[in-house]
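Since every read-out is calculated from the coordinates, none of them should be taken as a lab result. Just so it is clear, the model here is predicted, and its values are computed rather than measured. Glycine gets a Cβ as well: all are built from the backbone with ideal geometry, and neighbour counts include every protein chain shown.
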Amino acid sequence: MYKAIFFNPDGDSVTDFNDSETIEYVWDCIADMGSRWIFFPIPFVADEDNDIVSAPEGMEYWVGKSRKEIKEFLEKEWKERAEEICKDINNGVPLFLIY
């Protein structure tokens, strides 16, 4: 079973589409969800153990990593680069281009 994990740039996260049968189904749900998780703009697909099994284009290096590892990375980067990250988000640059 799979689910979506959405991260905020400071490391907080939420899950949605829990207990989905396929990775593709989760991505389809993410594509059709509108602005439901607007404050959590970094999506991943994870398995039942919270390990990343699929990532957005440009962030494939997170596949195989855990939810905890991503949280720790974002917390550190946010503390060091919050102004830069906010500027990029506000200018409409896809967040995955920052990392």
Report summary line: The relative contact order of region 1-79, taking Cα pairs under 8 Å that sit 6 or more residues apart, comes to a percentage of 34
Requested in this report: Could you check the simple spin-label distance between E72 and I38, using points 7 Å along Cα→Cβ, in nm with one decimal?
Outcome: 3.4
**Report entry** From phi via Karplus (6.51, -1.76, 1.60), per-residue ³J(HN,Hα) for region 62-79 in Hz, x at Gly/Pro
**Finding:** 7, 4, x, 8, 9, 4, 5, 5, 5, 4, 4, 4, 5, 4, 5, 5, 4, 4
Requested in this report: Only Lys, Arg, Asp and Glu count, each charged at its Cβ (+1, +1, -1, -1), so figure out the dipole size of region 2-97 about its Cα centre, rounded to 20 debye.
Outcome: 340
